[in-house]
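I have placed the structure first, in the form of structure tokens, so that the comments after it can refer back to it.
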Amino acid sequence: MAQEFKIDRLETTRLIGPMVDKHWKGLRTAKERGEKVAWCSGVPFIFAYAMDMKCHFMAGYSAYCAGRKAGEHVLEIAEKTGELQDTCSYHRLHMGMAEAVKRGYDVREDVILPIPDLMIAGRVCPEMSHYAEALYRKFGIDVVGIDLITPYQESDYPFLEKYLEQQFREILIPKMEKVCGKPFNYDRMSEILTVLKKTATIRNECLEYFKKVPSPWTLWDYGVSLAPVIYLMGNPESIPYYEKLKAELEERSKNNISAIVPEEKHRVFWDGWLPWGFLGHFSRKITSYGANPISGRYPWEMFPRPDLIEPEPDPVKTYVKALYSGGMLGNNMAKPGLSLVSEIIPEYHIDGLIFFTAKSCRIWKSQLTIMEKMERKYGIPGVTLEADMADSKMFSEAQIDTRLNAFFEVLEARKEKRRWV
Amino acid sequence: MEEVLRRFTEVSTDPYTSLTKWKEQTGKKIIGSFPMRIPEEIIHASGMLPVVMWRGNEAVTMGHSYVHNFNCGLTRSFIDDAVRDKLTFMDGMIFCRSCLQAEEIPSTIELNAPPRHFLYLYLPPLYPGSAFRDFFIHEMKRMKESLEEWSGQEITKESLENSIAIYDKNRSLLKKVYELRKKKPGTIKAREMLAIVHSSMLMDKEEHSRLLESLLPELEGRKEITDDKISVIIAGALCQTPHTAILDLIEEAGMVIVDDDIYIGSRYFANEIHSSGDPLEALADRNMKKLPPDPTMGDWKTLWTDYMVDKVRENKVQGIITLLIKYCPPHLCYYPDIRRRFVEEGIPEIMLEVEHEVVSIEQIRTRLMAFIEVIRGGV
């Protein structure tokens, strides 16, 4: 009989749900309190937070909506109102939600978004700005555009930082002041960054526990813990959350407790998005092989260098620096991504590579090249899983199972040659 | 005339052979330039030949080991050509950021089949604010310096002005061909028009202009063919060549294409420069013009649908055919607005989704016949 594996869940991660729910509820009910609301793609949401304006974060909301199993319904609304299926599923989620709210279509209350007073179109990928452009054309919603370039290579950081800082100072801050009717609150931005710096520093200490064999936690645990280092930025509850998490990891580590029970058979790298709409589904599949996803490019991009954040005296400058020099923007691009993956594999004792490929999102660059180069360099196998972050129409269950079976067979066969243990 | 058109067609359908031959004859270097926004004039001023990257005629084979199959035809085909060593005549390649797939090609090529010179540009969107124009100029300076350093040839103000004039002349000649087609619909077949514009992207501009000058009077002598034809314009196909088989089909079905809004068409030669000041600034101003609207450029205020409706009205055509390249997100995200607007305006519109490899010609024929019936029936 085949060995059965399961995840020994952390206690701390059970605390994240209420924090996240509170955030989205605060946004959902903002209009009832007469507050203004913004929608934002990319990381400029901090500028709204600094003005005490409730603001959504496009990828974070999409993960929340899909994770709450409400995504498919909103995607259906988008399709019925004319959206085409080959577009980004996050784009469609927002088009569907705006249509639903404007026209009163039935949507689950816990995922409803209020129609924004302002859309901050952070052009991390050009497609992330298309929804804002489309909603302007459809409903006349105010837009401010920020060109948030993902860098091709490290040597470009200096001029990209200058460009972004110019946009923040000349375009975004004046726009926020105009919309909110008050001067920009630099002190509040510094406070948010102070909390972020502390949170991300403890988070980095937590990531060290992934290096332990067996690992006391999984990438799924870290995935659900991302909000405090991104859109819950500045929330003081973030620091105790990560302190508690670290203490639990330390305790497990001391007692050599593995997150995968009865044993951690394989340690895999997970590239690309986390499959937010199907997290439980994928985690059960991967766990059934005794495999633990240890690290990935996406979760590693959340302010990996908190040491570079200096909240005072100039929060705008330091934020820009954290984004580029701090390695927040760029992991998705091939050259910075290749260096990162190349470092991660030996550091985290990785046995195999899973490249999760979202069919409606092409932001993770040159995945096939990275996989091939890493296979050659480290002699470990790789596999691609074609699916999506939120749209189940984009994947074939049988194809994924077949690929995973073959992948883990190869991993098993190469186990003897494993160089890390 | 037939000889000139044959030459244009040869260049358009087999740029590999014509460019290799050109290089042998001239001893000059060739730089591949990503479609739509990179100012070719700067490459030209450095004494090299800029050619706009294209979608090849063959099915993608090895390329699928390097790029996922759910990328657009240009991305997959160009990567396929590069990893199969079909592009070794290109001494350099310059890419820019316009959609996610435009970001996929450069790194995949640089990591697997690097050209001798490589440059990636971050061309800004058309957002309000001077930061974006400033940054465009910054990127043009970076491009100029990179080419100068690599070629060892300084790009002077004079050489750049001269290149701009050469390009302006070609643009004005292409415009004349288009005006002729509008004036005498049917005189130039759609596949001929495609070859005329496409070859301009793949040839020495002065030679192309000379050939165009000899072709124009001949074309003017052709007879107008409009008897009982449905007049249409074609729109879309943002950075890649539409299939000539589909263009033929449109005409065989009984339609005549009077004008277009496609990249390898009227978009390529829109907006002459006539520079009098700083040439880099002039290039920036041309590239940052709001018309024709470009869905990759993030300009939410200038409506592409207005532009298309104006084109329909101005040309007094009976319908519009959208050529939507599969996996082209800027167009896909815009299309619901396009569809809605044409319904509101009562203008017949049909969308044909086209892919690099397989085009179901019979299915398209049936849809086009139905489209004609809708127009004739006034449904």
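Of the GluC sites (Glu not before Pro) in segment B:92-201, the ones in a loop by DSSP (not H, G, I, E or B) with at most 14 other beta carbons within 10 Å are B:GLU154.
Sorted on the mean count of surrounding Cβ atoms within 10 Å across their residues, most packed first, peptides A:114-122, A:302-310 read A:114-122, A:302-310. Counting other beta carbons within 10 Å of each Cβ, put A:LEU135, A:LEU368 in order, fewest first. Exposure proxy ranking, most exposed first: A:LEU368, A:LEU135.
For the protein assembly as shown, the spherically averaged projection of the C-alpha convex hull amounts to 34.8 nm².
Helical content of chain B, expressed as a calculated mean residue ellipticity at 222 nm, amounts to -16500 deg cm²/dmol (DSSP H runs of 4 or more residues, -39,500 (n - 2.57) each, divided by residue number, nearest 500).
Extension gain for the segment B:THR88 to B:THR302, taken as residue separation times 0.36 nm less the Cα-Cα distance, is 73.0 nm to one decimal. For the residues of A:166-178, the average number of beta carbons from a partner chain within 10 Å of their own beta carbon is 2. Distances between placed amide hydrogens fall under 5 Å for B:ILE30 paired with B:LEU49, B:ASP91, B:GLY92, all partners being 5 or more residues away or on another chain. Fully extending the segment from A:VAL213 to A:GLN85 would add 41.9 nm, taking 0.36 nm per residue of separation and subtracting the current Cα-Cα distance.
Place a label point 7 angstrom from the Cα of A:GLU72 along the Cα-to-Cβ direction, then list the residues of segment A:92-117 whose backbone nitrogen is under 19 Å away. Backbone N within reach: A:92-94, A:96-97, A:106-112. Quick one: grab the alpha carbon gyration tensor of segment B:270-315, order the square roots of its eigenvalues as a ≥ b ≥ c, and give me rounded if a/c is under 1.5, else prolate or oblate depending on whether a/b is larger than b/c. Note, shape of segment B:270-315 comes out oblate.
Between A:GLY145, B:ASN287, B:MET143, the Cα set farthest toward the positive side of the dipole of the protein assembly as shown (charges on each charged residue's Cβ, about the Cα centre) is that of A:GLY145.
DSSP finds beta bridges in the protein assembly as shown, and of those with both partners inside it, around 5 percent are antiparallel. For segment A:217-274, what class follows from the C-alpha gyration tensor (a ≥ b ≥ c being the square roots of its eigenvalues): rounded when a/c is under 1.5, otherwise prolate if a/b is larger than b/c, else oblate? Judged from the Cα gyration tensor, segment A:217-274 comes out oblate (a/c at least 1.5, b/c at or above a/b).
The value for chain B of Rg(Cα) / (2.2 N^0.38 Å) is 0.96. Taking every DSSP bridge with both residues inside segment A:189-417, close to 0 percent are antiparallel.
Using a Förster distance of 22 Å, how high is the FRET efficiency between A:SER342 and B:PHE118, based on the Cβ-Cβ distance and rounded to 0.05?
Once the sixth-power term is evaluated, E becomes 0.60.
When each of the peptides A:152-160, B:314-322 is scored by how many other beta carbons lie within 10 Å of its residues on average, the order from highest to lowest is B:314-322, A:152-160. The mean sequence distance of close C-alpha pairs (under 8 Å, at least 6 residues apart), as a share of the length of chain B, puts its relative contact order at 19 percent.
How far, in nm, would the chain grow between A:GLU409 and A:GLU312 when pulled straight, counting 0.36 nm per residue and subtracting the alpha carbon separation? Difference between extended and current length: 29.6 nm. So for segment A:189-417, what percent of the C-alpha to C-alpha distances run longer than 21 Å? Tail of the P(r) past 21 Å holds 57 percent of the pairs.
Specify whether the C-alpha gyration tensor of chain A places it in the rounded, prolate or oblate class, a ≥ b ≥ c being the square roots of the eigenvalues: rounded for a/c under 1.5, otherwise prolate if a/b is larger than b/c and oblate if not.
Prolate shape, in that a/c is at least 1.5 and a/b is the bigger ratio.
Ordering A:404-413, A:327-336, A:28-37 by mean Cβ neighbour count within 10 Å, with the highest value first, yields A:327-336, A:404-413, A:28-37. Take each residue in B:129-136, count the other chain C-beta atoms within 10 Å of its C-beta, and the mean is 6. Contact order, relative form, for segment B:20-159: 24 percent (alpha carbon pairs under 8 Å, 6 or more residues apart, mean separation divided by residue count). In this simple spin-label model, placing a label point 7 Å from the Cα along the Cα-to-Cβ direction at both A:SER288 and B:ALA370 gives a separation of 4.1 nm.
Taken one residue at a time, the phi angles of segment B:282-291 give Karplus couplings (6.51, -1.76, 1.60, θ = phi - 60°) of 5, 5, 4, 5, 5, 5, 9, 6, 7, 10 Hz. Gly and Pro are set to x.
Residues whose amide H comes within less than 5 Å of that of B:ILE230, counting only those at least five positions distant or on another chain, are B:MET255, B:VAL256 (H built at 1.01 Å from N in the peptide plane).
Restricted to Cα atoms, segment B:20-159 shows a radius of gyration and a Dmax of 15.5, 46 angstrom. Let me check against my output: what whole-number percent is the relative contact order of segment B:14-84, with C-alpha pairs under 8 Å and at least 6 apart? Averaging sequence separation for qualifying contacts and normalising by length gives 24 percent for segment B:14-84.
Every number here is computed from the coordinates shown, using simple stated rules; none is lab data. These numbers come from a predicted model, not from an experiment. Neighbour counts are summed over all protein chains in view; Cβ atoms, including those assigned to glycine, are modelled from backbone coordinates with ideal geometry.
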